[in-house]
Amino acid sequence: MSKVQIFIGSVYGGAEQVGELVADELRKLGHDVSLNTYARAEDLARDPDEIILLCHSNTGSGELPDNIQPLYLHLTRDYPRIAGRRYGVINLADSSYTTFNEGGKALDAAFEDLGAQRIGDPLVIDACSGDDPATLARDWVQQWAQLI
């Protein structure tokens, strides 16, 4: 099975809860999973075979939470060598803002610009949809896990 490191970016804890739920689901499927709520530059280089799963929210102004912002800045300023690195994206956003999903798109683009390979489509959980984030995350991770 695969090793997965989940990078959490959360302001009020919603993305952290989703990340923990996804980690539990992946562990049930036999994957080795670690959660990282303060990802640093060296965490990208920890194990090149490890899959990174980005699980974060964005603020109403479309920015990333403070605890994942340093990782984004490292990607866009230092250009780490992550070409070929596999990753996935879960973004919690709110479509009542004109900046809906901008933080998620920016972080995804930063990985893609450096040659990382996204696995599957991102999961975007819209706070205004009325859907249960836990149900959406469970359904998504079951499909995503088949691709890793």
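Summary of values
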read-out: Backbone N within the stretch 116-143 under 13 Å of label point (7 Å from ALA83 Cα along the Cβ vector); value: 116-117
read-out: Listed residues ALA134, ALA39, ALA93, most fluctuating in the chain (Gaussian network, C-alpha, under 10 Å); value: ALA134
read-out: Listed candidates (1) 1.03; (2) 1.10; (3) 0.95 - label of the one calculated as Cα Rg over 2.2 N^0.38 Å; value: (3)
read-out: Ellipticity estimate at 222 nm from DSSP helix runs (n ≥ 4, -39,500 (n - 2.57)) divided over the chain, nearest 500; value: -11000 deg cm²/dmol
read-out: Trypsin sites (Lys or Arg not before Pro) within the stretch 51-148, DSSP loop, no more than 12 other Cβ atoms inside 10 Å; value: ARG81
read-out: Approximate spin-label separation GLN69-SER96, in nm, with each point projected 7 Å along Cα-to-Cβ; value: 2.3
read-out: Dipole in debye (nearest 20) - the stretch 23-111, about Cα centre, beta carbon charges: Lys, Arg +1; Asp, Glu -1; value: 180
read-out: Value of relative contact order over the chain, rounded to a whole percent, pairs C-alpha under 8 Å and six or more apart; value: 25
read-out: Heavy atoms of VAL11: accessible area, 1.4 Å probe, square angstrom to 10; value: 80
read-out: Accessible surface ranking that places the most exposed of GLU20, GLU42 first, with a 1.4 angstrom probe; value: GLU42, GLU20
read-out: Length gained when the stretch TYR38-CYS128 is fully extended (0.36 nm per residue, less Cα-Cα span); value: 29.7 nm
read-out: For ASP131, solvent-accessible area (1.4 Å; no DNA, RNA or ligand), Å²; value: 90
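The values are calculated or read from the model by the stated rules, or taken from the named source; none is laboratory data. Remember, it's a predicted structure, so these values are computed and weren't measured experimentally. Cβ: placed from backbone, ideal geometry, glycine included. Neighbour counts: every protein chain shown. We work out accessible area using only protein heavy atoms, side chains counted, and drop any ligands, DNA or RNA first. Shrake-Rupley method; radii C 1.70, N 1.55, O 1.52, S 1.80 Å.
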